[in-house]
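J.: Attaching a single structure in structure tokens format; questions to follow.
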Amino acid sequence: MEFLEKSLKPHIERIDAIIHEAFQSDVRLIRAIGDHLSLPGGKRIRPAMTVLAAQACGRPIDQDLLNVAAGVEVFHMATLLHDDVIDNATQRRGRTSVNAQWSDNAAILMADYLFARAFDLTLAAANSRILSLLCQVTRQMVEGEMLQIEREGRLMTREEYFGIIERKTAALFSACAQIGGMVAKAEPAVVASLGQFGLNFGMAFQITDDTLDFAAESRNWGKPVGGDIANGKQTLPLIYALETATREDRASLLKLLSNGRDFSRILEHVRKYNGLDHARQVARDFADRATRCLDGWTAQGTSERFLELCSYVVNRAY
């Protein structure tokens, strides 16, 4: 993402400053957790998408746009705090998670604080549709998490998996792209196309993320590899291996999954049945769909940035 990072770097730095300001409070614990969250490590893909979408619709980058872009990142950070509590995670972005360093209660309350700050920041655009869209995404993300809880203890189909990641991950990417269009006052059809771009991009992002949980280097990944298996989560590489394995291997894999402790042997089965390769190809297919959503209308010079973003998301190593 070198070209994209260079072109957006000054704007991302301004977004980071806005985010840091959002963490300020008279309450010392909020400031302490905010400082912890402000440490380097986040990719800032979501605010970058909002800025790129606005640029694609001809909007110049100004303070209101950057406030809104910061708002979607703060919203995302709030959801991560909730995720870490749900998953009993001890690491996030290579450092101790908030729930592990302080407590579950502190993490939950900090997330609630960040949701409020995110909504404050998005009000900079003076567009009620943006706030409504974020409320919709909040509902979808909760639904996705609830669906995942409902399916605990039984095998998941790929259709169920796609439905969950669409709600939990892709819906926010879709909103980020749409919000960029809304800030630029783009036509409804253009905003809809941006939404489809973000949705397909988000699907590619999450599927790639799920392959990395099997195959990434832990020191780069920023959290323990194999965390999904340890938490009983079924993702596409595993689902495909279960779909295609022989009866004997499927029984063996299910037995391993019942305790979730022998990750190396589970990974052997997933590799044997090309679960990672299959998932990577599905991610590439979603990325291709994303790029087709932008055909013919993006402002001059912005389509290459979207293409670079799609290339990055399916080729990243962490």
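The values are calculated or read from the model by the stated rules, or taken from the named source; none is laboratory data. A quick note: this is a predicted structure, and the numbers were derived from the prediction, not measured. Methodologically, a virtual Cβ is constructed for each residue, glycine included, from the backbone with ideal geometry; neighbour enumeration extends over all protein chains shown.
J.: Working carefully through the options 39, 8, 29, find the one that is in contact with a Phe, Trp or Tyr (Cβ under 9 Å, 6 or more places away or on another chain) and either farther than 25 Å from residue 135 by Cβ or at pLDDT below 95 (or both).
T.: Within the list 39, 8, 29, the selection yields 29.
J.: So residue 80 clears everything in (1) surrounded by 21 or more Cβ atoms within 10 Å (Cβ to Cβ); (2) closer than 18 Å to residue 142 by Cα; (3) of a type in the set (A, V, I, L, M) except one condition, right? Which one?
T.: So the condition that residue 80 fails would be (1).
J.: How many residues are surrounded by fewer than 13 Cβ atoms within 10 Å (Cβ to Cβ) and within 16 Å of the chain's Cα centre (by Cα) when one looks only at the stretch 140-170?
T.: Final tally of qualifying residues: 0.
J.: Please indicate, with yes or no, whether at least one residue in the stretch 227-239 is in a loop (DSSP other than H, G, I, E, B), among the aliphatic types (A, V, I, L, M) and either at pLDDT below 90 or over 16 Å from the mean Cα position of the chain (by Cα) (or both).
T.: Looking through the stretch 227-239, none of the residues is in a loop (DSSP other than H, G, I, E, B), among the aliphatic types (A, V, I, L, M) and either at pLDDT below 90 or over 16 Å from the mean Cα position of the chain (by Cα) (or both).
J.: Something else now. Being outside any helix (DSSP H, G or I), within 29 Å of residue 244 (Cα to Cα) and of a type in the set (Gly, Ala, Ser), is that true of even one residue in the stretch 142-158?
T.: Taking every residue of the stretch 142-158 in turn, at least one turns out to be outside any helix (DSSP H, G or I), within 29 Å of residue 244 (Cα to Cα) and of a type in the set (Gly, Ala, Ser).
J.: Going by the conditions given, is residue 99 part of a helix (DSSP H, G or I), of a type outside the set (A, V, I, L, M, F, W, C), over 29 Å from residue 197 (Cα atoms) and touching an Asp or Glu at 6+ places or on another chain (Cβ under 9 Å)?
T.: When the stated conditions are applied, residue 99 passes them.
Listed here are the residues, each with its yes/no results for (1) in contact (Cβ under 8 Å) with a residue 40 or more places away in the chain; (2) surrounded by fewer than 21 Cβ atoms within 10 Å (Cβ to Cβ).
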site	(1), (2)
65	yes, no
74	yes, no
87	yes, yes
95	yes, yes
98	yes, no
103	no, yes
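J.: Still on this structure, I have one more. If I go through the stretch 14-54 residue by residue, how many of them are of a type in the set (Asp, Glu), assigned to a helix (DSSP H, G or I) and over 23 Å from residue 182 (Cα atoms)?
T.: 2
J.: Of everything in the stretch 66-93 that's farther than 18 Å from residue 116 by Cα and among the hydrophobic types (A, V, I, L, M, F, W, C), which residue is modelled with the highest pLDDT?
T.: 85
J.: Spot the failing condition for residue 50; the list is (1) in contact (Cβ under 8 Å) with a residue 60 or more places away in the chain; (2) of a type in the set (Val, Ile, Thr); (3) over 19 Å from residue 202 (Cα atoms), and only one is missed.
T.: It is condition (3) that residue 50 fails.
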